[in-house]
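Each remark here refers to the structure printed beneath this line.
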């Protein structure tokens with residue numbers, strides 16, 4: 001090997017020095033660097049897993065929020081439907097009560113009208129009877145001929161229609 005210009009002992013010492021250098025480099029430089037890189041890689045992997053977990057949780061939360069939102073919408077629609085139904089029932093009840101009151105008032109008005117009509121008829125009958133009696137009384141008292149009797153009846157009816165009842169008593 002000396003022909004090549006290589007000294008055996010120097011080569012061995014250089015190889016030992018190179019191996020010591022590699023061991024020291026590995027132990028103090030590359031080992032910690034690899035450890036830092038491995039630790040950083042572990043942190044990155046943990047961060048990625050945490051991010052994936054958070055994404056899954058976010059999706060689950062979004063799904064729960066959507067369910068809650070749909071439930072709230074459904075409850076809101078039920079509340080609106082119940083309110084509409086209640087208002088329609090209240091309106092129907094109010095209409096029924098108004099119809100009942102209107103029927104009651106109408107019946108009362110009809111009854112009052114019937115009574116007043118009956119009273120007016122009775123009063124008219126009484127007035128006609130009074131006129132007939134007054135006319136008959138005049139005819140009987142005077143014992144007149146038929147033309148005078150007709151004239152007295154007409155006068156009695158005329159005085160009754162004009163509202164003078166005392167004209168009957170004077171004659």
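Residues checked against (1) surrounded by 11 or more Cβ atoms within 10 Å (Cβ to Cβ); (2) at pLDDT below 90; (3) out of contact with any strand residue (DSSP E or B) (no Cβ under 7 Å at 6 or more places or on another chain):
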position: 6; (1), (2), (3): no, yes, yes
position: 9; (1), (2), (3): no, yes, yes
position: 26; (1), (2), (3): yes, yes, yes
position: 38; (1), (2), (3): no, no, yes
position: 55; (1), (2), (3): no, no, yes
position: 59; (1), (2), (3): no, no, yes
Response to the item:
Pairing a residue in segment 144-158 that is closer than 15 Å to residue 130 by Cβ with any residue that is modelled with pLDDT under 80, where Cβ atoms lie under 7 Å and the two sit 6 or more apart in sequence or on different chains, gives 153/135; 156/134; 156/135; 156/138; 156/168
Worksheet item: What about residue 138, is it assigned to a helix (DSSP H, G or I), surrounded by 10 or more Cβ atoms within 10 Å (Cβ to Cβ) and modelled with pLDDT of 80 or more?
Response: no
Worksheet item: Between residues in segment 114-141 that are more than 11 Å from residue 160 (Cβ to Cβ) and residues that are outside any helix (DSSP H, G or I) and at pLDDT below 90, which pairs lie under 8 Å by C-beta distance while being six or more apart or on different chains?
Response: 138/171
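The values are calculated or read from the model by the stated rules, or taken from the named source; none is laboratory data. Fair warning: this is a prediction, and the values are worked out from it, not measured in the lab. Cβ coordinates were reconstructed from backbone atoms using ideal geometry, including for glycine residues, and neighbour counts include every protein chain displayed.
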